[in-house]
1. Go through the range 25-34 residue by residue and tally those that are free of Cβ contacts under 8 Å to residues at least 24 places away in the same chain and open to solvent by less than 50 Å² (accessible area, probe 1.4 Å).
2. For the range 35-66, what are the residues that are assigned to a loop (DSSP other than H, G, I, E, B) and either in contact with a strand residue (DSSP E or B) (Cβ under 9 Å, 6 or more places away or on another chain) or touching a residue at least 12 places away in the same chain (Cβ under 8 Å) (or both)?
3. Tally time: how many residues in the range 100-129 are among the aromatic types (Phe, Trp, Tyr) and closer than 19 Å to Val69 by Cβ?
4. Quickly run through the range 98-135 and pick out the residues that are without any contact (Cβ under 8 Å) to a residue 24 or more places away in the chain, farther than 20 Å from Ala83 by Cα and either aliphatic (A, V, I, L, M) or surrounded by 10 or more Cβ atoms within 10 Å (Cβ to Cβ) (or both).
5. Return the only residue of Val39, Val15, Val20 being at pLDDT 95 or above, open to solvent by less than 80 Å² (accessible area, probe 1.4 Å) and within 25 Å of Gly85 (Cα to Cα).
6. Filter the range 67-109 down to the residues that are in a loop (DSSP other than H, G, I, E, B), more than 22 Å from Tyr56 (Cα to Cα) and not hydroxyl-bearing (Ser, Thr, Tyr) and list them by number.
7. Take Leu13 and decide whether it is touching a residue at least 12 places away in the same chain (Cβ under 8 Å) and in a loop (DSSP other than H, G, I, E, B).
8. Can you pull out the residues in the range 72-91 that are farther than 28 Å from Glu7 by Cβ and touching a strand residue (DSSP E or B) at 6+ places or on another chain (Cβ under 7 Å)?
Amino acid sequence: MAVENQELRKAGLKVTLPRVKILQILESSEQHHMSAEDVYKSLMEAGEDVGLATVYRVLTQFEGAGLVVRHNFDGGHSVFELARGDHHDHMVCTDTGTVIEFHNEEIERLQDIIAEEHGYEIVGHSLVLYVKPKD
């Protein structure tokens, strides 16, 4: 729990039990992209008494503090992933909703070239490919 306490303090957040528990769920989950409902369900399964409204509020606070990144993939609901500082893009399977992370230097290079050709430089971007299994 000491690591989570340090992370919360470093992000400028007061250490509270719900924040620590939610951060632990995000850090220990095999699923990297979790909705607020996913986090809530994991907390319930672990026997933790944290309400859904608290989960939403804490995730929003985490986003504001830079601890998590919120994604709104096609389908409407938000999912959150820990902000690890490494850039990556996403593919979302339209059949299953599975999110696949990837990084490709060629794509990154081409984006820079395209921005440059239009007289711009990239200051940030988000690339989401919507995919389905090949037949």
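1. Going through the range 25-34 one residue at a time, the tally reaches 2.
2. Of everything in the range 35-66, those that are assigned to a loop (DSSP other than H, G, I, E, B) and either in contact with a strand residue (DSSP E or B) (Cβ under 9 Å, 6 or more places away or on another chain) or touching a residue at least 12 places away in the same chain (Cβ under 8 Å) (or both) turn out to be Ser35, Ala46, Glu48, Val50, Gly66.
3. Qualifying residue count for the region: 1.
4. Hits for the range 98-135 are Ile107, Arg109, Leu110, Gln111, Asp112, Ile113, Ile114, Ala115, Glu116, Tyr120.
5. Every option except Val39 fails the conditions.
6. Gly85, Asp86, His87, His88, Asp95, His103, Asn104 - these are the residues of the range 67-109 that are in a loop (DSSP other than H, G, I, E, B), more than 22 Å from Tyr56 (Cα to Cα) and not hydroxyl-bearing (Ser, Thr, Tyr).
7. Considered against the rule, which asks whether it is touching a residue at least 12 places away in the same chain (Cβ under 8 Å) and in a loop (DSSP other than H, G, I, E, B), Leu13 comes out as yes.
8. Within the range 72-91, Asp74, Met91 qualify.
The values are calculated or read from the model by the stated rules, or taken from the named source; none is laboratory data. Predicted, not measured: the structure shown is a model, and the values here were computed from it. Reconstructed Cβ throughout: ideal geometry from the backbone, glycine too, with neighbour counts over all protein chains shown. Remember, those area values only see protein heavy atoms, side chains included, never the ligands or the DNA or RNA. Shrake-Rupley method; radii C 1.70, N 1.55, O 1.52, S 1.80 Å.
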